[in-house]
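The values are calculated or read from the model by the stated rules, or taken from the named source; none is laboratory data. Every value quoted in this text rests on a predicted model; they were computed, and no experiment measured them. Glycine also receives a Cβ, built like all others from the backbone with ideal geometry; neighbour counts cover every protein chain displayed. Note: accessible area is taken over every heavy atom of the protein model, side chains too, but ligands, DNA and RNA are not part of it. Shrake-Rupley method; radii C 1.70, N 1.55, O 1.52, S 1.80 Å.
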Amino acid sequence: KMSSGAADLRQRKKQNCTESDKMAPEERNKENSKLGRSPKYMLIQRFAKLFFGCLAAVTSGMMYAVYLSTYHERKFWFSSRQELEREITFQGDSAIYYSFYKELLKAPSFERGVYELTHNNKTVSLKTINAVQQMTLYPELIASVLYQASGSEEVIEPVYFYIGIVFGLQGIYVTALFVTSWVMSGTWLAGMLTVAWFIINRTDTTRIDYSIPSRENWALPYFACQVAALTGYLKKNLNCSAEKFCYLLVNASTYTFMMMWEYSHYLLFVQAVSLFLLDSFALAQTEKVHEVYRIYLFSLIGGYLLQFENSALLVSPLLSLVAALMLSKSLQMNMKKSAFVSRLLKIMYIYLVLTVAVTLNFVLKMFIPHKENGHLLKFIEVKLGLNTTKNFTMNWLLCQESLQAPSQDFFLRLTQSSLLPFYILVLIICLFSVTQVIFRRICGEPLREAVKLEDGRIGERPEIVYHVIHTILLGCLAMCLEGMKYLWTPYVCMLAAFGVCSPELWMTLFKWLRLKAVHPILLALILSMAVPTIIGFSLWKEFFPRIMTELTELQEFYDPDTVELMTWIKRQAPVAAVFAGSPQLMGVIKLCTGWMVSSLPLYNDDDLLKRNENIYQIYSKRSAEDIYKILTSYKANFLVIEDSICNEVGPVRGCRVKDLLDIANGHVVCEEGDNYAYSKYGRFCHEIKMNYSPYVNYFTRVYWNRSYFVYKINTVISFQS
């Protein structure tokens with residue numbers, strides 16, 4: 001019976017446009033006359049609702065972008081800083097991304113700039129890299145084209161243009177979440193509440209404060225647009241023009257999202273699993289779901305071609321799942337459709353899809369040469385306790401805060417803003433309603449063509465079911481890795497806001513409670529307005545003063561030691577010099593000086609990971625000769641030692657860089673639960689400061705301040721004591 005229901009849904013999809021677009025004017029007039037309203041009045045009301053809703057959505061996005069810009073200015077005093085001091089605010093991988101944007105602007109032509117990036121041998125010593133492919137520099141390519149094509153050279157400085165685009169995208173991000181909540185609830189009050197929760201919980205919804213140029217800050221706004229369009233596309237009884245618009249927007253945003261972030265296909269895989277489960281229980285129009293699968297397929301193929309034949313996309317779980325879904329559906333449709341066979345296929349469908357997807361992914365990885373983040377799979381093994389390792393890189397990743405389980409503070413913050421309690425309430429109601437719908441479908445009851453408010457069946461709306469499944473899957477990931485909260489929390493804001501503003505959700509709850517004292521429809525309408533209003537006022541009273549304090553309070557960010565180091569390098573170091581040190585510092589040196597470095601803070605390349613581990617040995621207990629051999633193997637001329645790493649006093653013992661190096665090098669002995677460090681050599685970063693042989697034979701100190709010690713690596717070794 002479920003298979004016949006799916007067939008009904010497919011037929012309904014074909015009839016949908018004609019039925020909604022060709023609805024007799026007489027029927028609409030009859031509906032309006034029953035309510036005592038003329039068609040003209042209804043048209044004006046709809047237009048006003050749409051106009052003010054769009055105005056509120058766009059205004060929310062613009063105000064958020066202005067808020068970010070103002071907060072950034074107050075935090076870094078950007079307008080009063082010199083160019084070098086501004087660039088120092090970009091740390092780690094952010095510095096690398098912005099440095100390539102600068103190189104593109106300095107190139108004699110855009111074509112020449114792209115060529116130099118795709119054949120880059122001026123960044124990492126002894127290594128030619130395709131920086132566009134390896135670091136996904138399409139955002140920088142677009143930003144440089146816009147900057148030059150718009151004639152902004154005489155109007156705005158490059159750094160302001162760059163961060164302005166990112167802040168603008170964050171405004172689009174917020175607008176897309178607003179629209180998604182609005183489309184689901186039918187009221188733009190839900191969108192306003194979504195934006196309020198998003199901004200209040202900014203610490204847990206975005207990393208824009210810490211890393212402006214990061215790939216996710218460029219990519220996630222497009223994913224939010226895709227989710228908003230997909231929400232509209234999955235709705236029942238959508239007219240043809242709206243459906244086509246949503247379809248085209250899903251197409252464009254999916255492909256753009258895939259081009260902006262190297263890990264985008266993993267997030268799209270989670271979305272594809274959500275749609276797969278939605279389709280498996282025949283809760284959505286099958287043709288629409290399979291159209292989205294085709295969009296995934298075309299985006300993967302287009303991404304593969306434009307990303308220099310990126311083999312990671314061919315062996316991605318997304319491609320395997322989409323291929324398995326299409327193959328399984330084809331087999332299912334070509335089988336004889338007797339009642340017994342249809343039921344059997346429905347039961348076996350999920351098992352068949354998963355089996356084919358896993359098998360196909362295994363076969364593709366056997367025959368297609370790829371470097372699909374092997375270290376990521378090893379990390380997952382160690383994280384799940386399936387393996388142990390002494391490898392420095394793996395243990396360093398495991399120690400990163402973003403890869404730990406979320407702290408209690410995270411849940412406390414969400415609770416204090418009332419977000420988590422309302423999300424749990426909305427999720428429970430929607431889950432119970434979806435479970436009821438699935439049970440009815442198994443019993444053979446078809447889905448209703450249109451769900452009315454008095455029905456109290458919010459679980460029959462496919463876009464709601466999709467978001468429930470999607471947030472649950474993202475939530476499971478966020479419970480394992482704190483860094484995943486930036487993907488989950490924005491949609492928690494959206495779903496919670498939709499729920500408290502939706503009369504259908506309250507009506508679903510009242511249907512279960514069987515209220516008789518008060519008319520349930522009237523009470524649902526009242527609560528859908530009263531509850532978000534009360535929440536809004538309480539949030540305004542508690543959090544608005546804090547936000548205004550952030551914008552008015554002048555913060556001091558100044559790093560004179562780093563400024564002095566960069567100034568010395570630009571004035572004293574030879575142009576052909578190669579610097580070695582921690583990857584994070586090397587990113588800043590590359591940006592601020594343009595000098596070549598021996599390593600970069602990137603973790604998607606095995607060779608760079610090995611370089612990082614080798615050069616980090618300057619903080620280990622190894623001999624001067626060993627360190628000298630390592631550095632000269634990368635043609636390094638200068639060594640920069642950071643006092644903050646050498647004398648690090650971390651909150652978690654065993655996660656400091658020097659502790660991880662001691663474990664990897666076997667310099668730690670465990671006895672009766674205690675760890676003892678042992679090596680016949682002292683810690684290199686300490687010993688080299690003593691200026692005695694053999695360290696002075698290999699290295700000559702040429703500059704130092706409170707934070708940094710710079711040593712020239714001798715080309716001619718002197719063994720005079």
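Relative to the longest principal axis of the Cα atoms of the chain, the long axis of helix 520-552 lies at roughly 20 degrees.
This model, with +1 at the C-beta of Lys and Arg and -1 at the C-beta of Asp and Glu, gives region 528-660 a dipole about its Cα centre of some 300 debye.
If you plug the beta carbon distance of Ala405 and Asp209 into 1/(1 + (r/R0)^6) with R0 = 25 Å, you get a FRET efficiency near 0.70. Relative contact order of region 234-338, taken over Cα pairs closer than 8 Å and 6 or more residues apart, is 31 percent.
Remark: relative contact order (the chain) = 17 percent; criterion is Cα-Cα distance under 8 angstrom and separation of 6 or more residues. Distance between the pseudo-spin-label points of Arg74 and Ile350 (7 Å out from Cα toward the beta carbon): 4.9 nm. Computed from the C-beta positions of Asn714 and Lys570, the FRET efficiency with R₀ = 25 Å rounds to 0.65.
DSSP finds beta bridges in the chain, and of those with both partners inside it, around 75 percent are antiparallel. Put the Cα centre of region 485-561 next to the Cα centre of region 374-411 and the gap is 34 Å.
Its Cα centre serving as origin, the chain has a Cβ charge dipole (Lys and Arg +1, Asp and Glu -1) of approximately 2220 debye. As a rough guide to protection, the peptides 233-240, 486-493 ranked by mean Cβ packing within 10 Å, highest first, stand as 486-493, 233-240. Which of these values of Kirkwood radius over Cα pairs in Å was calculated from the structure shown: (i) 29.9; (ii) 32.9; (iii) 28.7? Recomputing Kirkwood radius over Cα pairs in Å here gives the entry labelled (iii).
Quick one: net charge around His119, please, counting Lys, Arg +1 and Asp, Glu -1 for every other residue with C-beta under 13 Å from its C-beta. Kindly include the intermediate steps, with their values, before the conclusion.
Numbers: positive: Arg112, Lys122, Lys127; negative: Glu103, Glu111, Glu116.
Net charge in that neighbourhood comes out at 0.
For the chain, the longest principal axis of the Cα atoms and the long axis of helix 264-280 meet at an angle of about 20 degrees.
Ranked by the mean number of other Cβ atoms within 10 Å of their residues, highest first, the peptides 260-267, 152-159 come out as 260-267, 152-159. For the chain, the 222 nm mean residue ellipticity estimated from helices alone, with every DSSP H stretch of n ≥ 4 adding -39500 (n - 2.57) and the total spread over all residues, rounds to -21500 deg cm²/dmol.
State, as an integer percentage, the relative contact order of region 497-618 based on alpha-carbon contacts under 8 Å between residues 6 or more apart.
Working: 88 pairs, mean separation 18.8, N = 122.
With pairs under 8 Å counted, the relative contact order is 15 percent.
For the residue pairs Lys75/Lys122; Lys629/Lys689; Lys102/Lys485; Lys40/Lys235; Lys390/Lys621, the alpha carbons lie more than 21 Å apart in Lys75/Lys122; Lys102/Lys485; Lys40/Lys235.
Angle of helix 503-513 to the longest C-alpha principal axis of the chain, folded into 0 to 90 degrees and rounded to 10: 70°. Placing a pseudo-label 7 Å from each Cα along the Cα-to-Cβ vector at Leu84 and Leu146 gives an inter-label distance of 3.1 nm. With Cα atoms defining each centre, region 234-261 and region 595-658 are spaced 46 Å apart in the structure.
Give the peptides 179-185, 610-616, 416-422 in descending order of average Cβ contacts within 10 Å, highest first.
Numbers: 179-185: 27.4, 610-616: 20.4, 416-422: 18.7.
Descending mean neighbour count gives 179-185, 610-616, 416-422.
Protein heavy-atom accessible surface, 1.4 Å probe, per residue over the chain: 47 Å².
Measuring nothing but protein heavy atoms, the accessible surface of the chain at 1.4 Å probe radius is 62 percent carbon and sulfur. For region 560-713, the antiparallel share of DSSP beta bridges with both residues in that region comes to about 80%.
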